[in-house]
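Every number here is computed from the coordinates shown, using simple stated rules; none is lab data. All of these numbers come straight from a predicted model, not from anything done at the bench. No Cβ is skipped: glycine too gets one built from the backbone with ideal geometry, and neighbour counts run over all protein chains shown.
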């Protein structure tokens, strides 16, 4: 699919990746809530098997951008969009794309841990049961693998039948990550995954994010700049619904090319 | 937070007192009401002691003292006595001026008999014997023991006759209805009839010679006597046993004497069955309507309009629903059903008259708004993260609804059902129009196909209270029964609610909304 040239990155403050190594290609994405624009002309490419962070002040649209990537906005009838989002070269808004299949490929973890009111095992198996056609043994294997991958297995292996709500907040968040991993997504979207957790749990989640990038692409929204600096490879800075700067994390935090970015990361602007 | 240990700021003091006072007053009124109903209802079954009164004009009366009031004119007070013996006196209540009472004692030989006809007898037992042989005088103790033994034997015979009717006669009659020429069935029927006849012969024959306190005598056939006791000679344990027996009979037996005596079993059964049927009908409709309104329909002015309409339906007076049920269910649908399927029995209606099904449907309609509103609120309370979590795993909207949202909303649905049960069980007005009966000796469930008879009329505790209180011939006698029935109605509703609350607790433990830390 060829895109009009006007959607190519317009400024040298935005890093470009070749389409072949990109997981997501976002081209000229605009989004409005009931006519009120929330995102304007976002164009960026998310590299495969890397951690990309979206940072910016509250209300800058970073969460909105994240939720546009698995079409979670579809639920809200007031939301309208323009532009393109391509996952592995395929337009996710194309009429032949099944939205449930898209969301299986693009998993998501939310700010507040949201395990379902079921056992730990059933939580992880939830997505697998939706797909169906798995033997009991295979299901057990995948659940165990997912809990290992989310670094939770050792803590819950003796009580898989216990309610997921008996876990601590940090454990619940890792359970939710395990639940997403169980359906083998290509991308995992993380919407401020540690903001409701204590420092130790936060540390564990950050370690987990770093360890997962060998298996899939991660996109992290955070308002904690230290966290973005610690775990991400690339960082995009958004402000007022626009993409301001997108660079390797080291560069963005040590040598931002724009004054707006510098002001934000040095705390001269709320 | 421990309220008791918190010191209130000075300015909050009066408000706290006002609020606490309101709660205390409400509890006091509720407790007082329950105490009144409970005490007056349960006291009815207590074998109260019997007084023998001698008046200054020489009259002698025996009976239970009920209450005392000041005389309307003049000084002094008068006391109400329940004296029984309707067949001798023509009336069972006597107001006696307290000042005119010369002697007041409690002879141990006074007996109280509960009879199938003419109500209670209060007086003395002279003798027990056969009809032919004129009973002679016999020692009081022997007579009493013989009476007790005969009553126990009669009770056995009576239950044997019931059993024969239920297990042998009715099936045979049904068999003969289907095939009138079955010879062996006819023979069996004749045999069974002969046995019933024998039983009835055995039950007849013996009489008790009774004497009222003022010396008038009467012969009482024993098979008419249900229970007998000597309240003044009973130790406490025996009184308790008699009381428990009385309560049990009230719960387990059908009404007698135009609902002024006997038990309320058909009414309990009818109430519970009707409420259960109503719950079965209203829950699926209410839940589906709420799911559509909250999850499926496009949210806008139209859904809000429907919501307001549903909430307002909850405020429509219940008799209006009764009229609607009568017009639409009974005459409309029931009449058509009769024309299509039961035309051979017309003009006597099958479904075209009030019945259990129509009453349940009408009450289901009445309680639908409650279930819709409660379920909708429950659905709205489920956090968006739960839905999004399921969607983000590739669940469709339907899968999200059926696997995550609805299980979590079950406690809210049960809250709706609890409210519906509470409202429906106490509702009488619409039932008057759509199927309640003053007396329906056949409960709507029996061994006859199809076992549950939805077209039958049924008895209801609420209506039974109304009927006993206002349509009986003897208001004084009806009063304790009204209290007892009211207590029972409250207890039945309590039981139904507790069942639903227990269910809700169970589901909340499994699927409830997660408490936020």
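Numbers below:
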{"quantity": "Chain B, helix-only ellipticity at 222 nm - DSSP H runs n ≥ 4, -39,500 (n - 2.57), divided by all residues, nearest 500", "calculated": "-17500 deg cm²/dmol"}
{"quantity": "Antiparallel %, DSSP beta bridges [both residues in chain A], to 5", "calculated": "60"}
{"quantity": "10 Å Cβ neighbours from other chains, averaged over peptide A:95-103", "calculated": "3"}
{"quantity": "Calculated over segment A:10-265: convex hull of Cα atoms, volume per residue (Å³)", "calculated": "129"}
{"quantity": "Angle between chain A longest axis and helix A:120-131 axis [Cα atoms, degrees, rounded to 10]", "calculated": "70"}
{"quantity": "Shielding score for B:375-387, defined as the mean number of other chain Cβ atoms within 10 Å", "calculated": "2"}
{"quantity": "Where only alpha carbons of segment B:62-136 are counted, the Rg and the Dmax (Å)", "calculated": "15.8, 53"}
{"quantity": "Inter-chain shielding of A:106-118 (mean C-beta neighbours from other protein chains, 10 Å cut-off)", "calculated": "6"}
{"quantity": "Principal axis box of chain B, alpha-carbon based, largest edge first, Å", "calculated": "95, 86, 41"}
{"quantity": "Nearest 10 degrees, 0 to 90: helix B:236-252 Cα axis against chain B principal axis", "calculated": "60"}
{"quantity": "Where labels lie 7 Å past Cα in the beta-carbon direction, separation of residue A:200 and residue A:94 in nm", "calculated": "4.9"}
{"quantity": "At R0 = 60 Å, FRET efficiency that the Cβ-Cβ distance of residue A:137 and residue A:58 yields, to 0.05", "calculated": "0.80"}
{"quantity": "Sites residue B:102 and residue B:29, calculated FRET efficiency, Cβ-Cβ separation with R0 45 Å, nearest 0.05", "calculated": "0.55"}
{"quantity": "Hydrodynamic radius by Kirkwood, which averages 1/r over all alpha carbon pairs of segment B:265-511, in angstrom", "calculated": "19.8"}
{"quantity": "Debye intensity ratio in log₁₀ form over the Cα atoms of segment B:51-252, taken at each q of 0.11, 0.16 Å⁻¹", "calculated": "-0.66, -1.08"}
{"quantity": "Peptide ranges A:243-256, B:66-79, A:226-239, B:46-59 listed from the most packed, as the mean C-beta count within 10 angstrom indicates", "calculated": "A:226-239, A:243-256, B:46-59, B:66-79"}
{"quantity": "Convex hull of the protein assembly as shown built on C-alpha atoms - directionally averaged projected area, nm²", "calculated": "53.8"}
{"quantity": "Principal axis dimensions, largest first and in whole angstrom, of segment B:166-303 by Cα", "calculated": "84, 56, 27"}
{"quantity": "Rg/Rg_ref, segment B:301-355, where Rg_ref = 2.2 N^0.38 Å and atoms are Cα", "calculated": "1.61"}
{"quantity": "Overall Cα dimensions of segment A:36-131 - principal axes, largest extent first, Å", "calculated": "43, 34, 33"}
{"quantity": "Potential extension, residue B:320-residue B:299 segment - 0.36 nm per residue separation minus Cα distance", "calculated": "4.5 nm"}
{"quantity": "Three-way shape label, segment A:137-191, alpha-carbon gyration tensor, a/c 1.5", "calculated": "oblate"}
{"quantity": "Nearest-ten-degree value, helix B:183-203 long axis tilted from longest Cα axis of chain B", "calculated": "50"}
{"quantity": "Estimated inter-spin distance, residue A:82 and residue B:46, nm [label 7 Å along Cα→Cβ]", "calculated": "8.7"}
{"quantity": "Computed helical MRE - 222 nm, chain A, DSSP H runs ≥ 4 contributing -39500 (n - 2.57), nearest 500", "calculated": "-9500 deg cm²/dmol"}
{"quantity": "Length released on extending from residue B:345 to residue B:211, taking residue separation times 0.36 nm less the Cα-Cα span", "calculated": "42.9 nm"}
{"quantity": "For segment A:1-160, projected area of the alpha-carbon convex hull averaged over all directions, nm²", "calculated": "12.3"}
{"quantity": "Highest average packing first - A:131-137, A:71-77, Cβ atoms within 10 Å", "calculated": "A:71-77, A:131-137"}
{"quantity": "Highest to lowest packing among B:292-298, B:229-235, B:14-20, scored as the average C-beta count within 10 Å", "calculated": "B:229-235, B:292-298, B:14-20"}
{"quantity": "FRET efficiency, 1/(1 + (r/R0)^6) with R0 25 Å, evaluated for residue B:288 and residue B:248 via beta carbons", "calculated": "0.05"}
